[in-house]
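The values are calculated or read from the model by the stated rules, or taken from the named source; none is laboratory data. The model shown is predicted, which means the values in this text are computed figures rather than measured ones. Neighbour counts are summed over all protein chains in view; Cβ atoms, including those assigned to glycine, are modelled from backbone coordinates with ideal geometry.
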Amino acid sequence: MRCLGRILVLGCTPALLGGCVQVSAPERPIEINLNINIRQEVVVSLREDVRELIQQNPGVF
Amino acid sequence: MSRRMKFMIAAGVAVAALAGGTAYAFVYQDAAAQLRASGAVGEQADGYLGLVGSASADVRAQMDSVNIQRRAAYTRLASQRGATIEEVAAATACTLLATRVGPGQYYRLTDGVWRRRNGSEPVPRPDHCG
């Protein structure tokens, strides 16, 4: 949230009238970062399942 | 027909069945490995095999078959663990890229570029692999 606030402030500082409303550009990288964090956690938690999946499906992996 | 002949025929049939079964199992079990070894197909960061260049219809059909089976396996595990199919597939890709891509074989990471594994150098680990 602190990060979000900082980016919103940065986004507003150089903006002219109405600049604060159009925040589509700063929003994007935040979303992507969040997704990568979630994925990393899931990937790590699935590590053992994945090992079994590969072993139990010879020829497919 | 003598008893001995019958026995020999039965033994012959048994050996042929056994050999055929073994050969079938070998081909079946190594479908993904053979495709990677052919150089026409490589391992991708999304957890599926992909075509490196142009390939015969036969190779494409084999690759599609493997990918369909992979998707089914990913789907089952995803529903068991409350994860998405893409997450399971990406997690599997981490292990496949690290363990299944042999020297000289092809892989494609998130940048979308096909690369060839150089000797015993490890395949770079995608960011999502943690």
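Numbers below:
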quantity	calculated
Residues within segment B:60-83 that are outside any helix (DSSP H, G or I) and surrounded by fewer than 20 Cβ atoms within 10 Å (Cβ to Cβ), tallied	1
Hey, residue B:42 more than 9 Å from every other protein chain (Cβ to nearest Cβ) and touching a strand residue (DSSP E or B) at 6+ places or on another chain (Cβ under 7 Å) or not	yes
Residue list for segment B:76-96, filter: more than 7 Å from chain A (Cβ to nearest Cβ) and under 17 Å from the mean Cα position of the chain (by Cα)	B:89, B:93
Those residues of segment B:26-68 which are free of Cβ contacts under 8 Å to residues at least 24 places away in the same chain and aliphatic (A, V, I, L, M), in sequence order	B:27, B:40, B:49, B:51, B:55, B:57, B:61, B:68
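So that you can scan it fast, the table gives a plain yes or no per residue for (1) more than 16 Å from the chain's Cα centre (by Cα); (2) at pLDDT 90 or above:
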| site | (1), (2) |
| --- | --- |
| B:2 | yes, no |
| B:16 | yes, no |
| B:23 | yes, no |
| B:28 | no, no |
| B:37 | no, yes |
| B:43 | no, yes |
| B:73 | no, yes |
